[in-house]
Amino acid sequence: MTSTTRRYALMSINDVAKFLSVSRSTVYRLIRDGKLAPYTQLRSGSRTYKRFRWEDVEKFAESNLIFNIE
C-alpha cells in the first residue's frame with residue numbers, strides 16, 4: 001500500500017488487530033477504555049461497523065509502544 005493510499009485507508013477491527021498484533025477483544029477493550037477511538041461507525045441494519053484511519057492507528061501504536069500487549 002502506498003503512503004498516499006494509506007493516508008485515506010479506513011481499517012476494520014480485524015485490520016487494527018492484525019496491525020497491532022493483538023486480538024479483536026483487545027481492540028474492543030482499547031475502544032471501551034477510551035484509548036483508541038474509531039474514526040466513523042457505519043450502520044447496516046442492526047449491525048455497526050467501526051472504522052479507523054490508518055494514520056490514527058499508526059500514531060496510537062507509536063505513542064503507546066504497542067508490541068504484542070495481549
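The values are calculated or read from the model by the stated rules, or taken from the named source; none is laboratory data. Everything quoted here is computed from the prediction, not taken from an experiment. All Cβ positions, even for glycine, are placed from backbone atoms using ideal geometry, and neighbour counts span all protein chains on display.
Being free of Cβ contacts under 8 Å to residues at least 12 places away in the same chain and of a type in the set (D, E, K, R) is the filter; apply it to segment 25-57 and report the residue that is surrounded by the most Cβ atoms within 10 Å (Cβ to Cβ).
If we take residues in segment 25-57 being free of Cβ contacts under 8 Å to residues at least 12 places away in the same chain and of a type in the set (D, E, K, R), then Arg29 is surrounded by the most Cβ atoms within 10 Å (Cβ to Cβ).
Any chance you could count how many residues in segment 1-24 are exposed (fewer than 11 other Cβ atoms within 10 Å of the Cβ) and either under 11 Å from the mean Cα position of the chain (by Cα) or modelled with pLDDT of 95 or more (or both)?
Summing the residues that are exposed (fewer than 11 other Cβ atoms within 10 Å of the Cβ) and either under 11 Å from the mean Cα position of the chain (by Cα) or modelled with pLDDT of 95 or more (or both) in segment 1-24 gives 1.
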